[in-house]
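First comes the structure, then the notes that go with it.
Bear in mind that the values in this text are calculations on the coordinates, not laboratory data. Remember, predicted model here, so these are calculated numbers, not experimental data. No Cβ is skipped: glycine too gets one built from the backbone with ideal geometry, and neighbour counts run over all protein chains shown.
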Ligand SMILES: [Zn+2]
Ligand SMILES: [Zn+2]
């Protein structure tokens with residue numbers, strides 16, 4: 001008789017030639033059903049890179065078939081909580097053993113991000129000190145996996161290994177300063193992740209000729225409706241929009257950069273999952289940008 005435990009999630013088998021972005025979370029600080037907090041897993045060069053680490057990241061990784069132990073490298077775009085609150089969970093979940101699935105991370109976790117990453121992520125790590133100590137002394141977890149290596153940089157090459165290159169570039173998410181986007185290059189293919197930002201020329205430069213651009217976006221008319229229906233919250237509704245990008249502005253960035261495929265994410269708020277709602281959300285974009293437009297959804301896989 002077999003033990004009646006829940007079977008392990010089928011593992012996503014990584015093709016060493018694939019370059020795929022998996023949207024783990026397309027949401028925002030506001031909690032909506034079906035839109036987890038922001039994170040993108042990039043399967044490239046036979047490994048998994050994680051860009052941002054919202055609170056739902058471990059659950060979303062598992063639902064995508066990517067066990068957390070397979071994540072060693074985490075890149076942060078900025079330190080709004082919706083992009084980093086999942087870090088403590090990921091750090092321990094990637095390190096501990098999951099019997100029968102895959103052994104825990106036995107290497108230091110590598111974290112990359114702009115100024116303030118050492119301070120913020122270092123504090124998360126420090127807050128785990130008691131638990132980390134117990135896992136080493138009692139659970140006998142691997143010592144190296146308890147370590148954290150942080151690289152802090154606002155612009156330039158973050159990672160350059162085995163033909164895989166990740167470059168950070170500054171965007172404009174003020175008052176969050178600095179905030180960065182990432183350009184990921186491998187075997188002649190290019191993926192760009194804007195992070196949270198206003199439309200900026202730097203994204204156009206870095207996304208020039210990119211295969212895929214994942215850009216934050218909101219529909220300006222929809223947000224104006226929310227503001228008008230909640231006049232007492234006008235400032236709270238409209239201030240955050242000032243440091244993001246409208247759907248039409250994202251289309252302009254994609255057009256100016258000449259990217260092949262534009263994927264929208266970080267929706268404020270997300271359209272319903274119907275063709276009609278998505279058409280209204282993206283209205284006017286096709287007149288600006290002739291390439292492929294996708295409304296990003298949680299667990300969607302985008303081939304680069
Ligand atoms: Zn955000
Ligand atoms: Zn933000």
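Quickly run through the stretch 27-44 and pick out the residues that are away from ligand 1 (no atom under 13 Å from the Cβ) and in contact with a helix residue (DSSP H, G or I) (Cβ under 7 Å, 6 or more places away or on another chain). The one that is away from ligand 1 (no atom under 13 Å from the Cβ) and in contact with a helix residue (DSSP H, G or I) (Cβ under 7 Å, 6 or more places away or on another chain): 41. Report whether or not residue 49 is closer than 21 Å to residue 193 by Cβ, touching a residue at least 12 places away in the same chain (Cβ under 8 Å) and within 16 Å of ligand 1 (Cβ to nearest atom). Taking the combined requirement at face value, the residue does not satisfy it.
Anything in the stretch 73-90 that is out of contact with any strand residue (DSSP E or B) (no Cβ under 6 Å at 6 or more places or on another chain) and away from ligand 2 (no atom under 16 Å from the Cβ)? List them, or say none. 88, 89, 90, listed by residue number.
Just give me the residues in the stretch 254-282 being in a loop (DSSP other than H, G, I, E, B) and without any contact (Cβ under 8 Å) to a residue 12 or more places away in the chain, in sequence order. Within the stretch 254-282, 272, 274 meet the criteria. Looking across the stretch 181-205, the residues that are within 13 Å of the chain's Cα centre (by Cα) and either in a loop (DSSP other than H, G, I, E, B) or within 16 Å of ligand 2 (Cβ to nearest atom) (or both) come down to 181, 182, 193, 194, 195, 196.
Checking each residue in the stretch 21-34 for being more than 15 Å from ligand 2 (Cβ to nearest atom) and crowded, with 18+ Cβ neighbours inside 10 Å picks out 21, 22, 23, 24. For the stretch 283-299, filtering for residues that are crowded, with 18+ Cβ neighbours inside 10 Å, outside any strand (DSSP E or B) and without any contact (Cβ under 8 Å) to a residue 40 or more places away in the chain leaves 2. Among strands (runs of 3 or more DSSP E) entirely within the stretch 73-180, having at least 3 residues that are within 16 Å of ligand 1 (Cβ to nearest atom) singles out 164-173. Report yes if some residue within the stretch 56-64 is more than 15 Å from ligand 2 (Cβ to nearest atom), within 12 Å of the chain's Cα centre (by Cα), buried (at least 24 other Cβ atoms within 10 Å of the Cβ) and not in a loop (DSSP other than H, G, I, E, B); otherwise report no. Yes - at least one qualifying residue is present in the stretch 56-64. Filtering the stretch 20-46 to residues that are without any contact (Cβ under 8 Å) to a residue 40 or more places away in the chain and touching a strand residue (DSSP E or B) at 6+ places or on another chain (Cβ under 8 Å) leaves 41, 43. Note on the stretch 238-253: among residues that are part of a helix (DSSP H, G or I) and under 21 Å from the mean Cα position of the chain (by Cα), the one that is farthest from ligand 2 (Cβ to nearest atom) is 251. Residue 208 falls short on exactly one of the conditions (1) away from ligand 2 (no atom under 16 Å from the Cβ); (2) assigned to a helix (DSSP H, G or I); (3) touching a helix residue (DSSP H, G or I) at 6+ places or on another chain (Cβ under 7 Å), and that condition is (2).
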